[in-house]
Amino acid sequence: MEQSIEKINEKANYCLSCKTKMCMKGCPLENNITEFIKCVKEKKYEEAYKVLCKTTVLQPICGRVCPHKSQCEGACVRGIKGESVHIGELEAFVGDMAIEKGYEIEKFTSLKKNEKIAIIGGGPAGITAAANLARNGYNVTIFEKYNKLGGILRHGIPKFRLDERVLDKQIEKILNLGIQVKYNSILGKDIALKDLQNNFDAIFLAFGANVSSKMNIEGEELDGVYGGNELLEFENHPDYTGKNVAVIGGGNVAMDASRIIKRLGAKSVKVIYRRSEQWMPAEKKEIEDAKKEGIEFLFQNNIVKIIGNKNVEKIECIKTNLVKKEGEAREVPVDIEGSNYMMDMDYVVMAVGSRTEKELVESLGVELTKRGNIQIDEKYMTSEKGVFAGGDLSGTKATVAWASRSGREASNNIIEYLEKK
Ligand SMILES: Cc1cc2nc3c(=O)[nH]c(=O)nc-3n(C[C@H](O)[C@H](O)[C@H](O)COP(=O)(O)OP(=O)(O)OC[C@H]3O[C@@H](n4cnc5c(N)ncnc54)[C@H](O)[C@@H]3O)c2cc1C
């Protein structure tokens, strides 16, 4: 990611500083992109950082891992006729510069408030909410399951995509705002929502939804079938040496799991996706990188059965046709009758979607959606007064920037709630 100042200037000068600011509309956090790039053009890097800090505290992270082509860069006017501005690289440059030079995240007020807020989960939603509340003078405590913060940024996105040192330094910068953290504190085990309600003025639930969905197909219970989210979170891999692995799905989890498994020595890794390449939810760059690394893609194929005695031995797949259906944004895959075929396989990784931890969300006594997410109103409040929720667990579009936005918006609503109390 490190680039010379000359290259960065070239990339910044490519921005037209257009008045329509389409890039800003494409950014879930609504970062003032043209304005920060203007500062970069003028080599006013601290100013650029201040502009970004108005809406985000995750610059070096979003600069690296956001799906830029479907967010800011996808909306860039330059992209209509050619290449879009490399907004992500410019954001990461400013974020890295802030770490290196020690630019601080400015507080919005120096006044200290008395109210205490508990945040459950230190992923993008939780740390953004904590930062916003601390910047507004509130006492914030994050309760985090692990001994480090970051959520999926640490326990999901591989280190070859997001350098852990960058993550550590950015989190340190955020915690310097005066945020307390209780590590190794698990909601539902070490702490109960009721206790938090008795001891805090407001609560923000942000413990994510990092449980792999199942397909409920025959053989899914066999040894050697893994959930992609769990494989990446717990790094509890089997020995892949000389083995054939099928990864089912087409999103981030499928891409990261397949690339890691290949790096860990698998003989072959096949990504099986029921639609065509253009419909894959994963970022184009991730798909291209995976191809370069030797991952095979079976588009318009679906798994129907996993076969084996105790362990996975074979999988049965079927080919699909794509049909347009009214009311569906994407083409719908339809199995082609009689196109079934078998493949020898040693491991199957399910990466077909993520959901919340059922037992935990059901134990909280708050209303849930049909999909098992925590139900929130337009102010991010759950059915329990003073208990707010955001990020993946509330069904927000599952990207870092959307989770962060929900943390920011929810915390603004917490402030409004506390001021009216
Ligand atoms: C493998 C993978 C790759 C991804 N790649 C990208 C990408 O490249 N770009 C992108 O924009 N998005 C990506 N995403 C999506 C993105 O990471 C998520 O949308 C985002 O992290 C959600 O943030 P969150 O704060 O809601 O939850 P999380 O990041 O899941 O954070 C939840 C936090 O809560 C903690 N926690 C959980 N349970 C408890 C408990 N009971 N008590 C206390 N703490 C608890 C967790 O340890 C964690 O720290 C990826 C997701 C995955 C799974």
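FYI, it's all coordinate maths here, none of it is from the lab. In this text the structure is predicted, and so the values were computed from the model without any measurement. With ideal geometry, Cβ positions are generated from the backbone for all residues, glycine too; neighbour counts draw on all protein chains shown.
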Selected from Ala351, Tyr103, Thr20, residue furthest toward positive end of dipole (the chain; charges at beta carbon): Thr20
Karplus 3J(HN,Hα) series, Hz, for region 68-83 with 6.51 cos²θ - 1.76 cosθ + 1.60 (x for Gly, Pro): 4, 5, 9, 10, 4, 5, x, 9, 5, 4, 4, x, 5, 9, x, 7
Residue with peak Gaussian network fluctuation, the chain [Cα springs, cutoff 10 Å], from Asn309, Asn229, Asn136: Asn309
Fewest-first sequence of Leu360, Leu153, Leu205 by Cβ atoms within 10 Å of each Cβ: Leu360, Leu153, Leu205
Kirkwood hydrodynamic radius of region 5-101, from inverse mean 1/r over distinct Cα pairs, in Å: 12.8
The chain: equivalent-ellipsoid semi-axes (sqrt of 5 x gyration tensor eigenvalues, Cα, Å): 37, 28, 19
Quotient of Cα Rg and 2.2 N^0.38 Å for region 350-421, N being how many residues it contains: 1.14
At least 24 Å along the helix axis (C-alpha) and Kyte average at least 0.5, DSSP helices within the chain: none
Candidates Gly390, Gly26, Gly407, ranked by Gaussian network fluctuation over the chain, Cα under 10 Å, top entry: Gly26
Debye-sum result for region 57-199 in log10 I(q)/I(0), which assumes one identical scatterer on each alpha carbon, at q = 0.09, 0.17, 0.20, 0.21 Å⁻¹: -0.33, -0.99, -1.20, -1.26
Which of Met345, Met350 has the fewest Cβ neighbours within 10 Å, and the rest in rising order: Met345, Met350
DSSP bridge pairs, the chain: antiparallel proportion in percent, nearest 5: 35
Within region 212-353, percent of DSSP bridges classed antiparallel, to nearest 5: 45
Given Lys11/Lys169; Lys11/Lys44; Lys7/Lys101, the pairs whose alpha carbons are separated by over 22 Å: Lys11/Lys169
Euclidean distance between Cα centres, region 45-64 to region 300-349, Å: 43
Proxy reagent accessibility, fewest Cβ within 10 Å first, across Ile248, Ile142, Ile174, Ile119: Ile174, Ile142, Ile248, Ile119
Cα extents of region 212-353 along the three principal axes, largest first (Å): 45, 35, 23
Filtered trypsin sites (Lys or Arg not before Pro), region 281-348: DSSP coil and at most 13 other beta carbons within 10 Å: Lys310, Lys324, Lys325, Arg330
Full-extension gain in nm, Leu264 to His237, via 0.36 nm per residue minus C-alpha separation: 8.8 nm
Region 297-325 residues near the modelled Tyr341 label - backbone nitrogen below 17 Å, point 7 Å along Cα→Cβ: 297-305, 314-322
